[in-house]
Amino acid sequence: MNMEVKRIDGQGRIIIPKRWREKWGDEVILIELEDRIEILPRRKPKLSEFFDIIEVDEVKEDVEKELCNEIIYERE
């Protein structure tokens, strides 16, 4: 496991190491929990992997937001 301590600048920014950005991408999901903040890579799923796996009757408007909420509740 790699760990780095970083300071937050006056505009609220954190510098993520280049090698981490290259590995995980340049978009993240920030999750505020009661005792910590988690930063997760935002990866767009390869939808073709999911074809014919499940049947869907209705697609909700904001699927990504709903998935993020599920992640938060699983981690608490």
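For the stretch 20-35, enumerate the residues that are within 11 Å of Ile72 (Cα to Cα) and under 9 Å from the mean Cα position of the chain (by Cα). Result: Ile29, Leu30, Ile31. Residues in the stretch 1-10 that are open to solvent by 100 Å² or more (accessible area, probe 1.4 Å) and modelled with pLDDT of 90 or more: 3 in all. Within the stretch 11-26, the set of residues being open to solvent by 90 Å² or more (accessible area, probe 1.4 Å) and either among the hydroxyl-bearing types (Ser, Thr, Tyr) or part of a loop (DSSP other than H, G, I, E, B) (or both) comprises Gln11, Arg13, Ile15, Asp26. Total residues in the stretch 1-41 satisfying the condition of being among the small types (Gly, Ala, Ser) and farther than 25 Å from Lys65 by Cβ: the figure is 1. Contact annotation: no residue pair with Cβ atoms under 8 Å, 6 or more positions apart or on different chains, pairs a residue in the stretch 49-76 that is closer than 23 Å to Ile37 by Cα with a partner that is part of a helix (DSSP H, G or I) and at pLDDT 65 or above. Taking the conditions exactly as written (open to solvent by 80 Å² or more (accessible area, probe 1.4 Å), modelled with pLDDT under 90 and not basic (Lys, Arg)), does Leu30 satisfy them or not? Judged against the criteria, Leu30 is not a match. For the stretch 36-62, a tally of residues being within 28 Å of Ile14 (Cα to Cα), among the β-branched types (Val, Ile, Thr) and either over 11 Å from the mean Cα position of the chain (by Cα) or at pLDDT below 70 (or both) returns 1.
The values are calculated or read from the model by the stated rules, or taken from the named source; none is laboratory data. Being a predicted model, the structure only gives us computed values, none of them experimental. Positions of Cβ are generated from backbone atoms using ideal geometry, with glycine treated the same way; all protein chains shown enter the neighbour counts. SASA here: full protein model, heavy atoms, side chains in, ligands and nucleic acids out. Shrake-Rupley method; radii C 1.70, N 1.55, O 1.52, S 1.80 Å.
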